1. Just to check your reading of the model, which residue among 70, 57 is closer than 25 Å to residue 346 by Cα and either surrounded by fewer than 17 Cβ atoms within 10 Å (Cβ to Cβ) or near the ligand (Cβ under 10 Å from one of its atoms) (or both)?
2. Going by what's in this entry, would residue 213 be described as in contact with a strand residue (DSSP E or B) (Cβ under 6 Å, 6 or more places away or on another chain), farther than 26 Å from residue 147 by Cα and not charged (D, E, K, R)?
3. Would you pick out the residues in the stretch 352-393 that are crowded, with 18+ Cβ neighbours inside 10 Å and in contact with a His (Cβ under 7 Å, 6 or more places away or on another chain)?
4. Among the listed residues 10, 33, identify the single one that is assigned to a helix (DSSP H, G or I), open to solvent by less than 60 Å² (accessible area, probe 1.4 Å), away from the ligand (no atom under 16 Å from the Cβ) and among the aromatic types (Phe, Trp, Tyr).
5. Looking only at the stretch 36-49, which residues are more than 26 Å from residue 169 (Cβ to Cβ) and surrounded by 19 or more Cβ atoms within 10 Å (Cβ to Cβ)?
6. Kindly indicate the residue of the stretch 13-24 that is open to solvent by less than 40 Å² (accessible area, probe 1.4 Å) and within 16 Å of the ligand (Cβ to nearest atom) and also modelled with the lowest pLDDT among those meeting that condition.
7. Give the number of residues within the stretch 122-131 that are within 10 Å of the ligand (Cβ to nearest atom) and over 14 Å from residue 144 (Cβ atoms).
8. Got a sec? Which of 189, 184 is within 25 Å of residue 39 (Cβ to Cβ), more than 14 Å from the ligand (Cβ to nearest atom) and open to solvent by 40 Å² or more (accessible area, probe 1.4 Å)?
Amino acid sequence: MPIERKPEYFKGAQLKVGIIGCGYVGLPLGLRFAEAGHRVLGFDLDSSKVEKLNQGQSYIQHIPGAKVQQYVRSKHFSATDDFSRLADMDAIIICVPTPLDQRYEPDLSYIEQTAKSIQPHLQRGQLVVLESTTYPGTTEELVLPILEANGLRCPIAAGPNAEQVATDFFLAFSPEREDPGNKQFGLAQIPKVVGGVNPPSGRAAQSLYAQVVAKVVPVSSTRAAEMAKLLENIFRCVNIALVNELKLLGLRMGIDIWEVIDAAATKPFGFMAFYPGPGLGGHCIPVDPYYLSWKAREYDFATRFIELAGEINTSMPYHVCDAIAAALNDRQKPLKGSRVLVLGVAYKKDVDDLRESPTLKIMELLQDRGVKLDYNDPYFPHLHKMRHYDFSNMRSVDLTPANLSGYDCVVIATDHSTYDYPAIVESSPLIVDTRNATRRIVRHRNKIVLC
Ligand SMILES: NC(=O)c1ccc[n+]([C@@H]2O[C@H](COP(=O)([O-])OP(=O)(O)OC[C@H]3O[C@@H](n4cnc5c(N)ncnc54)[C@H](O)[C@@H]3O)[C@@H](O)[C@H]2O)c1
């Protein structure tokens, strides 16, 4: 490894890029670097993932196995669980999980463990970038001290006077903006925000990412980059809570909130459409805002919008269960003992990801209330034990007319595009629709309850 390496080194040469954490974020990023001609080594603790990748297989539905195979064959991509090979990398990008613990507090153990696994192998001139979503200060307060414990230095510095600060290695933060399943904006089209611990680190990370994305947006610090990601996700979380609350009011007032949103969305400026649903799901939006609320407490600051949005979004699965009970009640049936089929366990349409899916909460609530429960999801033929839920004995039920007609109620929780909604409505005695997926259906409207 060269002793004196300029930030611009990361601009042109074929680089060895190590990606730590080959999940929803790390795998597509690694493949993008491979596509741009770099040599990528994916590091993961999960040896089954490492094995699959080296065999040219994908374990994420929207990433084709053929793509993995192509770069494994061309020797631009491989995977390992041998962390001593980090020493050989030019750049190391951290894409490990940042969940919440049982008390809704940030669980930084994955980042901490990763920093500790880099530290003994850290080399002079290497660039380390954290991509995991986290609170402002994580890169400087948690990652930097662990890395510097091996004797190399990366001083925190900002402003024009720090342009040429001497640094042994480079450290930056650049948030991931991946939107799984989004066909319009792929990784290469999404601008990347980058902030360094010092200006040379920022420039090094900008040089690296400029090779794989259309636009790099530099900011003055890692904290600004960390906060930018949280602002984006809090913006979504708060706006979804707003339409969820207005949906409840609309239901009470007899106003169709989806019609209202579509009308408002015709305004060519100053409005952005968000749509209500059965709650908030995915790995990011229900989780990330709490990283900021937690950090804000250190500054005696209450993030009230975040708390209120969380309260509203968390209450939505309860509302869905109450709506199912009311719809059955209207047909003189009790919730207890009724046969209910839930459609869509994924947290959003057309993805094979059920992390934090509100459907799981709805299913738990229905079971607790004595419902005879089944589900269908084309992306999940069977369910497994999860951190908070155990539906390990359940298998996806076929959507045949005979099966559908045997349920007291069919609930549309996630509106996958592959569902044949007219056929579902035709055969089911009662539909509770949390997504307005049946909006274009004219026949049998009396069977459909929007909630
Ligand atoms: N999934 C998304 O759409 C998305 C979007 C933007 C940001 N993010 C953020 O990106 C980060 C990663 O999320 P993800 O969805 O890719 O998670 P993921 O669970 O899909 O993948 C994480 C991977 O890291 C591996 N891992 C865990 N600890 C490790 C360690 N110490 N060393 C090596 N590998 C380790 C796991 O085995 C797993 O393969 C999170 O901070 C998340 O908030 C995710």
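The values are calculated or read from the model by the stated rules, or taken from the named source; none is laboratory data. The shown structure was predicted, so the numbers you read here are calculated from the model rather than taken from an experiment. All Cβ positions, glycine included, derive from the backbone under ideal geometry; neighbour counts span all protein chains shown. These area figures cover heavy atoms from the full protein model, side chains too; ligands, DNA and RNA do not enter into them. Shrake-Rupley method; radii C 1.70, N 1.55, O 1.52, S 1.80 Å.
1. Checking each option against the conditions leaves just 57.
2. So residue 213 passes the test.
3. The answer is 355, 356.
4. Answer to the selection: 10.
5. 49
6. Going through the qualifying residues, I end up with 23.
7. 1
8. Working: 184 fails: within 25 Å of residue 39 (Cβ to Cβ).
Only one candidate qualifies: 189.
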